[in-house]
1. Filter the range 117-146 for residues that are small (Gly, Ala, Ser) and part of a helix (DSSP H, G or I); which is nearest to HIS52 (Cα to Cα)?
2. Does ARG96 fit the bill of being out of contact with any Pro (no Cβ under 9 Å at 6 or more places or on another chain), within 17 Å of SER16 (Cβ to Cβ) and of a type in the set (D, E, K, R)?
3. Taking the conditions exactly as written (free of Cβ contacts under 8 Å to residues at least 60 places away in the same chain, open to solvent by 20 Å² or more (accessible area, probe 1.4 Å) and among the small types (Gly, Ala, Ser)), does ALA24 satisfy them or not?
4. Among the residues of the range 112-125, are any basic (Lys, Arg), closer than 17 Å to LEU18 by Cβ and open to solvent by 70 Å² or more (accessible area, probe 1.4 Å)?
5. In the list GLY76, GLY64, which residue meets the criterion of being on the phi > 0 side of the Ramachandran plot, over 15 Å from the mean Cα position of the chain (by Cα), in contact (Cβ under 8 Å) with a residue 12 or more places away in the chain and open to solvent by 20 Å² or more (accessible area, probe 1.4 Å)?
6. Mind counting the residues in the range 35-70 that are part of a strand (DSSP E or B) and of a type in the set (A, V, I, L, M)?
7. Quick one: count up the residues across the range 147-188 that are outside any loop (DSSP other than H, G, I, E, B), open to solvent by 30 Å² or more (accessible area, probe 1.4 Å) and either of a type in the set (Gly, Ala, Ser) or closer than 22 Å to PRO117 by Cβ (or both).
8. Give all pairs with beta carbons closer than 9 Å in which a residue from the range 149-166 that is without any contact (Cβ under 8 Å) to a residue 24 or more places away in the chain meets a residue that is part of a loop (DSSP other than H, G, I, E, B); count only pairs at least 6 apart in sequence or on separate chains.
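The values are calculated or read from the model by the stated rules, or taken from the named source; none is laboratory data. Everything numeric in this text was worked out from a predicted model, so none of it was measured. Neighbour counts run over all protein chains shown; Cβ positions are idealised from the backbone, glycine included. Calculation scope for accessible area: heavy atoms of the full protein, side chains included, ligands and nucleic acids excluded. Shrake-Rupley method; radii C 1.70, N 1.55, O 1.52, S 1.80 Å.
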Amino acid sequence: MVETTIVPTRDLDVVSSLLAQTFAEDPVTRWVAPDPRGDALMFGTLVRWAHHSEVAQDLALRDGGFAGIAVWDPPGHRVSRTNQLRAIPGFVRALRTGIWRGKYLEDTFSKLQPKEPHWYLAQLGAVEKGVGVGTALLEAGLARVQGPAYLESSNEANIPLYERFGFEVVQEVRLPNGPSMWPMYRGA
C-alpha cells in the first residue's frame, strides 16, 4: 500500500497548479470559469491574495509526486482591502465574464460563514480520487484545529468524506443556473 505524506508548503506556484489540476472537473469551478485555461491563474490569485496567511498549505505527497493540497485559513483571517484590490487584475484575466459569478460566490458565502471564530477549509483537492489523499489531508489539518471548522463543499460526492470527520451540512445553496454547494460546519 502506498502511503500519503503531508508536508507544509508555501510554494504558491505548486499550490495553484495543484488546485487547478484537482478542481478541473469540479462543477462549481466550471460554473464560475467554463474555460479551464484560466484555472491556474484563478487559483494562484485566490491563494496569493485571499488565503495567504501565516498557516502553510498542506501538500500531500504519494509515490514521490504531488497528490493533493489543502488550504486552511485560521480563525480571524481577513483579506485586507489592499489585497482585494491586488486580486482584481488576476481574477479579471482568469475569469473574464465569469468574474460576476465569482463575485456572487464570494458575496453569498461570506454571509453564510459562522460568526464565531473558526478555521476555514478553503480548498481541498486530490489528484487521484478514492486512494485516501483527502482523508490524509483532513486528518493533518484537523489535528491542528482548535475549535470549530467550516467549509463549502462544491461536489456532493465529497460530503460523506467530510461527514466522517464531524462536519454537518448546514444547507444546500443552489447557484443561479448552476450547480449546488453545501456549507458544512464542525463544532469544537
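1. GLY141
2. no
3. Working: free of Cβ contacts under 8 Å to residues at least 60 places away in the same chain: yes; open to solvent by 20 Å² or more (accessible area, probe 1.4 Å): yes; among the small types (Gly, Ala, Ser): yes.
Taking the combined requirement at face value, the residue satisfies it.
4. Within the range 112-125, none of the residues are basic (Lys, Arg), closer than 17 Å to LEU18 by Cβ and open to solvent by 70 Å² or more (accessible area, probe 1.4 Å).
5. Within the list GLY76, GLY64, the selection yields GLY76.
6. 6
7. Of the residues in that region, 6 qualify.
8. Once the first residue is without any contact (Cβ under 8 Å) to a residue 24 or more places away in the chain and sits in the range 149-166, its partners that are part of a loop (DSSP other than H, G, I, E, B) give ALA157/LYS129; GLY166/GLY187.
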